[in-house]
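> Here it is, the structure in full.
The values are calculated or read from the model by the stated rules, or taken from the named source; none is laboratory data. None of the values given here were measured: they were computed from a predicted structure. No Cβ is skipped: glycine too gets one built from the backbone with ideal geometry, and neighbour counts run over all protein chains shown. Side chains included, ligands, DNA and RNA excluded: accessible areas come from the protein's heavy atoms. Shrake-Rupley method; radii C 1.70, N 1.55, O 1.52, S 1.80 Å.
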Amino acid sequence: MKKRNIVVTPALPYVNSRLHIGHILEHTQSHIWASFQKMRGHNVKFVCAGDSHGTPIMLSARAAGVPEKDYIGQINKQQLQTLNDFGFEYDNYSSTDTETNKKFVYEFYNKMKESDAIEKRTIDQLYCEKEQMFLPDRFVKGTCPKCGAEDQNGDSCDNCGATYSPMDLGNPRSVTSGEKLVVKKSEHIFFKLNNYRDFLKEWLPAHTSKEIANKMKEWFNEDLRDWDISRDKPYFGFEVPDEPGKYFYVWLDAPVGYISSTAEACAKTGEDVNDYWKNSDSEVYHFIGKDIIYFHTLFWPAMLKVSGFNTPNRVFVHGFVNTEGEKISKSKGNSFTLKSYLDNLDSQYLRYYFATKLSSKPNDIEFTFEDFMQRVNSDLVGKLINLGSRGAQMLHKNFAGKCSEIDPNSSELINDFIKASEEIAGFYEATEFSKVTTLVRDFTDKSNQYFDSLEPWKLVKTDPEQVQKILTTLLTLFKTAVIYLKPILPQLAKDTEDLFNDTPYSWDSLGFSLAGKEIKPYKHLMKRIDKKQIEAIRNDASNVTKSTKAKDSKAKKEKPSATPKEISIDDFIKVDLRVAEVVKAEHVEGADKLLQLTLNVGEEKTRNVFAGIKSAYTPEDLTGKYVAFVYNLKPRKMKFGMSEGMVLAAGAGGKDLFVISPDKGAKPGDKIK
Ligand SMILES: [Zn+2]
């Protein structure tokens, strides 16, 4: 087989945000894929880096009172440690703030200039006089230009779901200083993305999944907007050459980190980075979440195209992880931290669990402890580990750890398992990992049945020679399964290599014979998950939730609250409030904050309402619930359809949103007075 040069990357974790279970999913997916390619004998660079620039980092470093370099250096180290603790091994893990990355960023910029893909333009932006800086969208709040709701985000409204430019907000203020913002002009540098529209339109569907290509199609209905790639000082990033006071936007230099990290990996082995990024035979694969598709399927390939680097062979996109904690954190606080997981459980359990859920489709994954325990205890420990522990322990007890020929009656079972190797390799190649775990689990199932049906623990008294063969068969099946699962369970593979006195397994290790081989005494490979371990993680999590809640409420209290203006009873009765029953609640395709509710308001016809409460409720939480409802609110046309009324809720927003419900006895349609 021809050796391929392959670069594999997860997205670069942002240094200013906490690593969470979604990162573990992404690194699991990309690491499994990279490890599989290594097992097949290819030249693989599995690289990553901390995404280390931008305003949030600058402000956090200021708040912590340390230079930005120190701040990112420290967090980058912690993040890498956590990732290593989960068993991820990189050929290089860098930071986007290195000299190597700067050199590549300048190369990109010069090529863009040479290709006439750069343009300067003066734009209006919100500026904070007090902080003496232009503020990005996420640091701006104000009144929604569509519905008039106060205290809305810089780019979208939680109340009505509208999206807009922060320039359109009424009464814009700084999130950090609370200061009123002014409009100021500034010259920015733009990348003329539309120059590459035809290229991207053709490239995109061929290099990502059907689902993603369909989702992105609408962008090509119009011209692609130019991309603003500069930010004014103060900014933490690389200064633009010959443009004092202007810096590259963090999203320009972040993906270049894929290349600079590969260059550092190549420097370690004496290879040339161009053999991975400029040679037409080499291959590049990115694994990303569905929230950053735009950057990876439009800006990034266009940048690579301009600069003469290879464009990605494939951008693999995964969904989000919904943990049960997010659903029930309000009552029990069950979301968990990575640290509490690692303190209590083997990292491989989570890798295995994710593998059983991962396919080539960008579907969300519902994580529940119940399902997690079931998969690990029943499939991984109960079926796979069971083969190894029974086989090895009995072989040592009765035959001093010495293997024989296999049981001749089992050769079909073994051959079938070996014959599946190219099918399994195909599943790995196509990122259909759940098909790998299902296929291997079915074989381990059959292997246990084979063993149980022969009752070797009885047979050993009358026909020990046959039992030695049965045990050798069992261990052959076990070792084959471990080789197949090595990309998913690297530590188990190492421990198994040790048990059998083997060198590291590759795909070529399949089809081995154990005849005459002596194995080491069995040591524990993996244990079942105990309910107590799950409880410990849950308890840790509720402590975390409680303490952050306490902090949040303190921050809120410090905000001055305006005294509301008094109204007369006549004003009040203008609002027709009624009890409504939630008949149906659903997610809204493309809306991050909204749920679509079908309400019974005591009339023949139901009402359709879009409510911005997705951050705190799932559809299941709401179905069947009675809620307080504004009956005579003028219907509003929203992006997703008409909203006919409003459901009332209390709380600060985010997870702290509480729908108002009547006491028992109230009926749909009852007036609230
Ligand atoms: Zn609004």
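> With a cut-off of at least 1 residues that are at pLDDT below 95, name the helices (runs of 4 or more DSSP H) lying wholly within region 460-573.
Output list reads 531-558, 569-573.
> Tell me, which helices (runs of 4 or more DSSP H) lie completely within region 168-279 with 3 or more residues that are under 29 Å from the mean Cα position of the chain (by Cα)?
Values: elements: 197-206, 210-217, 250-269, 274-277.
Output list reads 197-206, 210-217, 250-269.
> Kindly indicate whether residue 255 is of a type outside the set (D, E, K, R), in contact with a strand residue (DSSP E or B) (Cβ under 8 Å, 6 or more places away or on another chain), at pLDDT 95 or above and closer than 22 Å to residue 199 by Cα.
Values: of a type outside the set (D, E, K, R): yes; in contact with a strand residue (DSSP E or B) (Cβ under 8 Å, 6 or more places away or on another chain): no; at pLDDT 95 or above: yes; closer than 22 Å to residue 199 by Cα: yes.
No.
> Then there's this: Considering only residues of region 114-149 that are within 16 Å of the ligand (Cβ to nearest atom) and assigned to a strand (DSSP E or B), which is most open to solvent (accessible area, probe 1.4 Å)?
Quick first cut of region 114-149, residues within 16 Å of the ligand (Cβ to nearest atom) only: 137, 140-149.
Checking the rest, the ones that are also assigned to a strand (DSSP E or B) come to 140-143.
Numbers: 140: 2, 141: 60, 142: 1, 143: 36 Å².
Looking at the filtered set, the residue picked out is 141.
> Could you list, in sequence order, the residues of region 455-467 that are touching a residue at least 40 places away in the same chain (Cβ under 8 Å) and within 19 Å of residue 385 (Cα to Cα)?
Correct list: 456, 457.
Each row is one residue, and each column tells you yes or no for (1) more than 12 Å from the ligand (Cβ to nearest atom); (2) closer than 30 Å to residue 361 by Cβ.
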position	(1), (2)
151	no, no
159	no, no
164	no, no
172	yes, no
180	yes, no
189	yes, no
194	yes, no
206	yes, yes
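> Right, another one. Return the only residue of 620, 586 being touching a helix residue (DSSP H, G or I) at 6+ places or on another chain (Cβ under 7 Å) and either in a strand (DSSP E or B) or at pLDDT below 85 (or both).
Answer to the selection: 586.
The rows are residues; the columns are (1) part of a helix (DSSP H, G or I); (2) modelled with pLDDT of 90 or more.
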| residue | (1), (2) |
| --- | --- |
| 317 | no, yes |
| 326 | yes, no |
| 334 | no, no |
| 349 | yes, yes |
| 361 | no, yes |
| 374 | yes, yes |
| 380 | yes, yes |
| 384 | yes, yes |
| 387 | yes, yes |
